[in-house]
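Visitor: Sending over a structure as structure tokens; questions will come in a sec.
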Amino acid sequence: MHWDLFCKVIDNHGDAGVCWRVAAELAGRGEPVRLWIDEPAMLRWMAPQGAANVQVIAWQEPLPDAVPGQVVIEAFGCDPPPAFVARMAAAKRPPVWLNLEYLSAESFVERNHRLPSPVMHGPGAGLVKHFFYPGFTPRTGGLLRERDFTERRARFDRAAWLRARGIAPAAGDRIISLFCYEPALLPQLLEDLAAGPDATHLLVTAGRATRFLQGLGVQDAGRLRLHFLPWLTQREYDELLWSCDLNFVRGEDSLARGLLASVPAVWQIYPQDDAAHHDKLDAFLRWLQPPPDLRDFFLKWNGVATGRLPPLDLAGWAPTAHVAGQKAHALPELGAELVRFAVAQ
């Protein structure tokens with residue numbers, strides 16, 4: 001089948017990251033994809049190698065007069081252009097229309113996954129779109145997991161990867177990655193790392209995390225060494241996660257990758273003005289089943305609870321990460337589920 005995938009970047013890289021992973025995985029399964037994205041420039045560093053069978057098209061008006069494929073995905077409710085929807089409605093056999101939703105462990109995901117939504121108005125009147133939810137149970141679309149993931153992880157050389165980036169930890173040093181927004185308790189974390197009993201190498205991702213730390217004027221101190229990373233491709237970001245003893249992740253794409261890495265991770269959820277992210281975080285923690293101190297760290301890192309961050313306990317948190325990784329790998333694979341659903345329509 002031929003697929004059209006529409007992506008509108010809101011204010012972060014996660015929208016583009018998820019959509020590129022979906023497009024590349026579908027293409028790897030023999031499904032040609034046109035990825036319509038309003039900010040294609042970020043793919044130059046995120047996926048500079050491109051992917052066979054993926055055509056990236058700048059989503060701008062006027063839209064090229066393209067014939068819709070057999071499947072159309074609107075990512076995160078971004079609404080395809082009206083002219084394109086009109087061509088969908090005019091097709092002899094209208095395409096399968098999917099709304100790929102956000103990742104969540106909340107209970108409504110199972111209820112809403114695959115539900116039809118008849119289109120009553122506008123150029124698509126008479127068509128039906130279906131909600132498609134990634135998730136954390138077998139009754140959802142699961143998580144995106146490339147078919148070569150296990151093989152890549154098995155042959156990965158952590159020491160070589162770090163050495164290539166000028167990072168040479170001594171035996172017993174901790175390696176931590178930082179991918180975050182602007183958490184209020186980050187200064188306390190840095191103070192604790194600098195004063196800690198173990199030397200820590202903090203690998204800071206490009207973008208908001210780097211700008212925030214540089215704005216704070218943070219430098220190497222005590223037992224803390226900072227390493228500011230360049231922009232990483234998606235595969236390099238996976239390798240960063242595999243290289244670390246603890247990963248601070250944010251948003252949704254990096255959360256999924258952090259779980260698949262089976263390494264302790266702390267998630268900074270995307271904050272919402274109405275505090276709806278509190279319920280979303282609570283649902284994820286029920287799925288994760290962390291020990292009390294790790295749960296406390298999550299809540300304080302996200303501003304849900306107040307007080308100082310608890311001490312890092314990487315050894316104590318490792319079993320939780322191991323179990324979470326096993327559960328994540330056992331979930332349905334999102335690309336395969338998309339194909340299976342589209343074929344059945």
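The values are calculated or read from the model by the stated rules, or taken from the named source; none is laboratory data. A quick note: this is a predicted structure, and the numbers were derived from the prediction, not measured. Virtual Cβ from ideal backbone geometry, glycine too; neighbours counted across all protein chains shown.
Visitor: Of all residues being within 16 Å of L178 (Cβ to Cβ) and among the aromatic types (F, W, Y) in the range 243-272, which is farthest from the chain's Cα centre (by Cα)? Just the residue, please.
Guide: Of everything passing the filter in the range 243-272, F248 is farthest from the chain's Cα centre (by Cα).
Visitor: In contact (Cβ under 8 Å) with a residue 60 or more places away in the chain and surrounded by 13 or more Cβ atoms within 10 Å (Cβ to Cβ): which single residue out of L213, L189, L224 fits that description? Step through it out loud before you land on a result.
Guide: Values: L213 fails: in contact (Cβ under 8 Å) with a residue 60 or more places away in the chain; L224 fails: in contact (Cβ under 8 Å) with a residue 60 or more places away in the chain.
L189 is the lone residue from the list that is in contact (Cβ under 8 Å) with a residue 60 or more places away in the chain and surrounded by 13 or more Cβ atoms within 10 Å (Cβ to Cβ).
Visitor: Between a residue in the range 242-258 that is over 21 Å from I10 (Cα atoms) and any residue that is basic (K, R) and surrounded by fewer than 24 Cβ atoms within 10 Å (Cβ to Cβ), which pairs come within a Cβ distance under 8 Å, given they are 6 or more apart or on different chains?
Guide: W242/R153; W242/R158; S243/R158; D245/R174; L246/R174
Visitor: While we're looking at this one, here's another question. Looking at (1) under 24 Å from L229 (Cβ atoms); (2) modelled with pLDDT under 95, which is the one condition that is false for L246?
Guide: (2)
Visitor: Say we look at the range 13-28 and pick out the residues that are of a type outside the set (A, V, I, L, M, F, W, C) and in contact with a Gly (Cβ under 6 Å, 6 or more places away or on another chain); which of these is farthest from L143 (Cα to Cα)? Explain how you work it out, then say what you get.
Guide: So in the range 13-28, the residues of a type outside the set (A, V, I, L, M, F, W, C) come out as 13-15, 17, 21, 25, 28.
Filter once more, so that each one left must be in contact with a Gly (Cβ under 6 Å, 6 or more places away or on another chain): 14, 25.
Details: G14: 14, E25: 12 Å.
So the residue we want is G14.
Visitor: If you don't mind, another one. Limited to the range 94-118, what total is found for residues that are free of Cβ contacts under 8 Å to residues at least 12 places away in the same chain and more than 23 Å from the chain's Cα centre (by Cα)?
Guide: First, the residues of the range 94-118 that are free of Cβ contacts under 8 Å to residues at least 12 places away in the same chain: 108, 111, 118.
Then drop every residue that is not more than 23 Å from the chain's Cα centre (by Cα), which leaves 118.
Total meeting the criteria: 1.
Visitor: Would you pick out the residues in the range 205-225 that are of a type in the set (A, V, I, L, M, F, W, C) and under 25 Å from M42 (Cα atoms)? Explain how you work it out, then say what you get.
Guide: Residues of the range 205-225 that are of a type in the set (A, V, I, L, M, F, W, C), as a first pass: 206, 209, 212-213, 216, 218, 221, 224.
Within the range 205-225, A206, A209, F212, L213 meet the criteria.
Visitor: Okay, moving on. Just for the range 119-134: of the residues that are touching a residue at least 60 places away in the same chain (Cβ under 8 Å) and crowded, with 19+ Cβ neighbours inside 10 Å, which one is nearest to A328 (Cα to Cα)?
Guide: Quick first cut of the range 119-134, residues touching a residue at least 60 places away in the same chain (Cβ under 8 Å) only: 130, 132, 134.
Cutting the leftovers down to crowded, with 19+ Cβ neighbours inside 10 Å gives us 132, 134.
Details: F132: 18, P134: 12 Å.
Out of the qualifying residues, it is P134.
Visitor: Okay, next question. Looking only at the range 320-334, decide whether some residue is assigned to a loop (DSSP other than H, G, I, E, B) and either charged (D, E, K, R) or under 26 Å from G142 (Cβ atoms) (or both).
Guide: Kept after step one, since they are assigned to a loop (DSSP other than H, G, I, E, B), are these residues of the range 320-334: 331-332.
Narrowing further to those that are either charged (D, E, K, R) or under 26 Å from G142 (Cβ atoms) (or both): 331-332.
There is at least one residue in the range 320-334 that is assigned to a loop (DSSP other than H, G, I, E, B) and either charged (D, E, K, R) or under 26 Å from G142 (Cβ atoms) (or both).
One line per residue, one yes/no per condition, for (1) at pLDDT 95 or above; (2) among the charged types (D, E, K, R):
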site: F76; (1), (2): no, no
site: V85; (1), (2): yes, no
site: M88; (1), (2): yes, no
site: R93; (1), (2): yes, yes
site: N99; (1), (2): yes, no
site: F108; (1), (2): yes, no
site: R114; (1), (2): yes, yes
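Visitor: Moving on to the next point. Among the listed residues P271, P264, identify the single one that is more than 16 Å from E101 (Cβ to Cβ), surrounded by 24 or more Cβ atoms within 10 Å (Cβ to Cβ) and touching a residue at least 12 places away in the same chain (Cβ under 8 Å). Explain how you work it out, then say what you get.
Guide: Working: P271 fails: surrounded by 24 or more Cβ atoms within 10 Å (Cβ to Cβ).
When all the criteria are applied, what remains is P264.
Visitor: Could you go through the range 178-185 and let me know if any residue there is outside any helix (DSSP H, G or I), of a type in the set (F, W, Y) and not assigned by TED's automatic domain parsing to the domain that holds A324.
Guide: Going residue by residue through the range 178-185, those that are outside any helix (DSSP H, G or I) are 178-185.
Then drop every residue that is not of a type in the set (F, W, Y), which leaves 179, 181.
Then keep just the ones that are not assigned by TED's automatic domain parsing to the domain that holds A324; that gives none.
No: the range 178-185 contains no residue that is outside any helix (DSSP H, G or I), of a type in the set (F, W, Y) and not assigned by TED's automatic domain parsing to the domain that holds A324.
Visitor: Kindly indicate which of V9, V33 is buried (at least 22 other Cβ atoms within 10 Å of the Cβ), touching a helix residue (DSSP H, G or I) at 6+ places or on another chain (Cβ under 6 Å) and either at pLDDT 95 or above or on the phi < 0 side of the Ramachandran plot (or both). Before the answer, list the steps.
Guide: Details: V9 fails: buried (at least 22 other Cβ atoms within 10 Å of the Cβ).
Sole residue among the options that is buried (at least 22 other Cβ atoms within 10 Å of the Cβ), touching a helix residue (DSSP H, G or I) at 6+ places or on another chain (Cβ under 6 Å) and either at pLDDT 95 or above or on the phi < 0 side of the Ramachandran plot (or both): V33.
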